[in-house]
Amino acid sequence: MKYDFDSLTDRRGTAAYKWNIGENELPMWVADMDFRAAPEIIDAINERVRNGVFGYTYLPDEWYDAYTGWWDRRHGIKFKRDDLIFATGVVPILSSSVRKLTTENENVVLMTPVYNCFFSSAVNSGRRVLEAPLVFDNDGGCRIDFVALEKALADPQTSLLLLCNPHNPTGRIWTEAELSEVGRLCLEYGVNVISDEIHCDITDPGKEYVPFLRAAPECSEITVTCLAPTKAFNIAGLQTACAAVRGKRLRHRVWRALNTDEVGEPNAFAVTAAVAAFTRCEGWLDALRQYIYENKLLVRDFITARLPELKMRHSEATYLLWIDMSALGVEHPAEFIRERTGLVLSEGAIYGEQTGAYHVRMNAACPRSVVTEGLERLEKAVELMR
């Protein structure tokens, strides 16, 4: 089946957060896609709607089978039914688990720059953020600074590492060797791990992410893995996710945390959408991955040819692009770009001031015509900065 990713669906007037912008602005910031969900998901939801009754929902066998089957088939890791705990989103898993697995003023380690909700999940709970900044190479790559990471994990006040795998905002896929070393260090220093793997299904064609627990199976008793169909299938607004926890005692603590915070019950469409995504939409996902990959190449080639002051980091996963604008010397470049051109990007500093200042994050999950217009606006902004 051929899927349409070129048509632009008008999201204004739908209370879409991403499109809560000015009339002449173009949003390439918030991490959801401007593509309609897979037809198979829409059909499944429509069938559920026709029933007409939207009462309380439980988790049927199909939900467990959908998750375990997908991660076994697509990613080579076997989760058991009993490992899985429903949650209304990955951020609720992060926040509830931070509060349950740490105490106030303990350190939560982040490898920065990193998803901004990692910061809020820690800081809003009275925990301290301890950064282990990534190393950015001149060739556009980035890597873990294991010296800095070990120093942070070895701090006696450190009790938790939040791992982003694949990495947001850089799009880096961590290798099995890198993840294995992260696991070794966490075991050595007695640090629990929450691995956010929400972006794992949006990889470039021919690229495959490595689940943390596949690389570090010895960490089964100390790891919470966050899974969801929401990024890959563009259904974040349906609030459906899962915490996979193999360790029995840790699993009970996470289950208790989610239910204490009342974020452990599915809405009437959460199960339907997740099951449809993981059982009926592989063809749509693979077509999406190819389209996003071509969008990313378009951005890379445009920047290389026409905006040589900018550095776009190599992205192997996600639809997000991390762009270094430091050569232009403009503070808060996303704010400047929005004010002067109407292009709305994410400000790099929210992902960590030390490593994110003078950077922007661009979302390329939109029709190609939007990407082209966004690049033209970016070029105009750079001309003004020059």
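Rule-based calculations on the coordinates, nothing more; no lab input. Keep in mind that what you see is a predicted model, and the values were worked out from it rather than measured. Positions of Cβ are backbone-derived with ideal geometry, glycine not excepted, and every protein chain shown enters the neighbour counts.
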Stokes-Einstein D (µm²/s) once Rh is taken as the Kirkwood radius of the range 132-210 over alpha-carbon pairs, at 4 °C in 1.567 mPa s: 97
Cα-centred dipole magnitude for the range 26-126, charges only on beta-carbon of K, R (+1) and D, E (-1), debye, nearest 20: 80
J(HN,Hα) series, the range 115-127, from Karplus relation 6.51 cos²θ - 1.76 cosθ + 1.60, nearest Hz, glycine and proline x: 2, 4, 5, 4, 5, 5, 4, 7, 5, 5, 9, x, 9
Residues residue 207 and residue 309, FRET efficiency given R0 of 30 Å [Cβ-Cβ distance, rounded to 0.05]: 0.60
Span from the the range 283-317 Cα centroid across to the the range 83-104 one, whole angstrom: 33
Cα-based Rg / Dmax (Å) for the chain: 20.4, 59
P(r) of the range 294-347 over all Cα-Cα pairs, binned every 5 Å from zero, in whole percent: 4, 18, 25, 28, 19, 5, 0
Ordering of 263-273, 311-321 by burial proxy (mean other Cβ atoms within 10 Å per residue, highest first): 311-321, 263-273
Listed residue pairs exceeding 30 Å between alpha carbons, taken from 18/151; 80/207; 100/311: 18/151; 100/311
Residue 20-residue 385 FRET efficiency (beta carbon distance; Förster radius 22 Å; 0.05 resolution): 0.25
Under the Karplus curve 6.51 cos²θ - 1.76 cosθ + 1.60, θ = phi - 60°, whole-Hz ³J(HN,Hα) for the range 149-162, x wherever Gly or Pro sits: 5, 5, 4, 5, 5, 6, 4, x, 8, 8, 10, 8, 10, 9
Convex hull (Cα only) mean projected area of the range 243-386, reported in nm² to one decimal: 12.1
Dipole magnitude of the range 44-280, debye to nearest 20 (Cβ charges: Lys/Arg +1, Asp/Glu -1, about Cα centre): 600
Point-to-point label distance, residue 103-residue 290, nm (Cα→Cβ direction, 7 Å offset): 5.6
For residue 241, residues with placed amide H under 5 Å, excluding near neighbours: 87, 89
Anisotropy class of the range 1-105 from Cα gyration tensor, a/c 1.5 cut: oblate
Residue 256 versus residue 58: modelled label distance in nm, points set 7 Å from Cα along the beta carbon direction: 2.5
Residue 78 paired with residue 6, simple spin-label distance in nm, labels 7 Å along Cα-to-beta-carbon: 4.5
